[in-house]
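Here is the structure we will look at, set down as structure tokens.
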Protein chains: 2
Amino acid sequence: MTSLESATQPAADLDSLVVGVLGGTGDQGRGLAYRLAKAGQQVIIGSRTAERAEAAAAELGYGVRGADNAGCARRSDIVIVAVPWDGHAQTLTALRAELAGKIVVDCVNPLGFDKQGAYALKPAEGSAAEQAAALLPESRVTAAFHHLSAVLLQDRELDSIDTDVLVLGDQRAATDLVQALAGKIPGMRGVYAGRLRNAHQVEALVANLISVNRRYKAHAGLRITDV
Amino acid sequence: MTSLESATQPAADLDSLVVGVLGGTGDQGRGLAYRLAKAGQQVIIGSRTAERAEAAAAELGYGVRGADNAGCARRSDIVIVAVPWDGHAQTLTALRAELAGKIVVDCVNPLGFDKQGAYALKPAEGSAAEQAAALLPESRVTAAFHHLSAVLLQDRELDSIDTDVLVLGDQRAATDLVQALAGKIPGMRGVYAGRLRNAHQVEALVANLISVNRRYKAHAGLRITDV
């Protein structure tokens, strides 16, 4: 039994698993890597070049390591996909072998921007997460961490981030594990929010949160009530 | 100046406006009518036949009146559309004249259901709200009240409902008024959440809340943090 198999049964020894963050030198990826490493998780950030990833990792501290994307995927048990939407399909296609057997957590929000602000793009597969699932048939694809403010994630004066993390996926063991991962970050709670076929609206809702942020000068997040 | 024009400038005398609820004999419509009337708003519920609407209105109390859909639309300043999605286009097309000049609040969630639960439908116009806007060029169309549990709305032992109401629309005066209307219901807060072009994901998110409700045996609602 690998560490991943044992973990996805009781989701108990999450602490022993390595979390990779593809796109880990971007704002969202860097912020997630920081929060997870600070919470005690082993984290490797991936970038196109190992040098860039290592430099960003050194800045983050908390034992974060850097590698090129392939190395990051290979050495991780759970791989968060935090790359820009326009490189999403290409990045995942190139990493199919390295991501086989891994839990993949897609947090990409396909958005367009114009004078009126942000709007949702609709991927042919339905959502970024469903595109990931189509490109990675041997991985267990989930979707989560869409609605986190990169500003708050990276704010070192902030110890806790008040938000729920909606977790989607078609395999209970995988969504349970990702919920537990989200719950390690102080203030966050992982909430199961449906199958991958309902990922589009969760990704697209970021366009609405951007409108909220503009109107209220906020870094809006979501809480689910009555849960 | 009509009462509507004066109200949409400072949104001050909301209390004097009449709120109509099309589909007011359904669970969602009945629940909204009850909450708004209890909060002191004048409410008329509409149904296909006046008799049915009047009977439901009498049950609700708090001065709620009933009328056929055309009468409801004609006598109201703000009209909430709470009809089933499959009658949405037909109902609105028939009421185009009665709804001219009114603020229309679409709260319809186009969903399909199968063995795996609920999933989002994508209207050709983009969303139910955008369909309403296309069919009602002389109305001011907003979208709101999508995520409310009909069970909680109708629970007479519950004095307060802990949730935010996302309000979307392209005209500030109209969204301000609908936010104020939502804010009249104890526990609720109206939060501006973008233009109508970003309504689809707000409507579709109900599929995710249904998954949340199944998993956690809850009546889930949303709160926006940091606002």
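The values are calculated or read from the model by the stated rules, or taken from the named source; none is laboratory data. Small disclaimer: the values here were computed from a predicted structure and weren't measured. We place every Cβ from the backbone using ideal geometry, glycine too, and count neighbours over all the protein chains shown. Surface areas here come from the heavy atoms of the whole protein model, side chains and all, with no ligands, DNA or RNA. Shrake-Rupley method; radii C 1.70, N 1.55, O 1.52, S 1.80 Å.
When B:V191 is tested against (1) part of a helix (DSSP H, G or I); (2) at the interface with chain A (Cβ under 10 Å from one of its Cβ atoms), exactly one condition is not met: (1).
Taken together, B:Q131, B:Q179 contain a single residue that is within 14 Å of another protein chain (Cβ to nearest Cβ), of a type outside the set (S, T, Y) and either open to solvent by less than 40 Å² (accessible area, probe 1.4 Å) or more than 24 Å from B:Y34 (Cα to Cα) (or both), which is B:Q179.
Only residues that are facing another protein chain (nearest Cβ under 7 Å), free of Cβ contacts under 8 Å to residues at least 12 places away in the same chain and either open to solvent by less than 10 Å² (accessible area, probe 1.4 Å) or charged (D, E, K, R) (or both): list them for region A:194-217, please. Within region A:194-217, A:Q201, A:N208, A:V212, A:R215 qualify. Within region A:120-161, the set of residues being in contact with a Pro (Cβ under 9 Å, 6 or more places away or on another chain) and of a type in the set (D, E, K, R) comprises A:K122, A:E130, A:D159.
Going through B:G71, B:G126 one at a time, which residue ends up being over 17 Å from the mean Cα position of the chain (by Cα), open to solvent by less than 30 Å² (accessible area, probe 1.4 Å) and within 24 Å of B:A199 (Cβ to Cβ)? Break it down into steps so the answer makes sense when it comes.
Working: B:G71 fails: within 24 Å of B:A199 (Cβ to Cβ).
That would be B:G126, the only listed residue that is over 17 Å from the mean Cα position of the chain (by Cα), open to solvent by less than 30 Å² (accessible area, probe 1.4 Å) and within 24 Å of B:A199 (Cβ to Cβ).
In the set B:G63, B:G29, B:G20, only one residue is at pLDDT 95 or above and surrounded by fewer than 22 Cβ atoms within 10 Å (Cβ to Cβ); that residue is B:G63.
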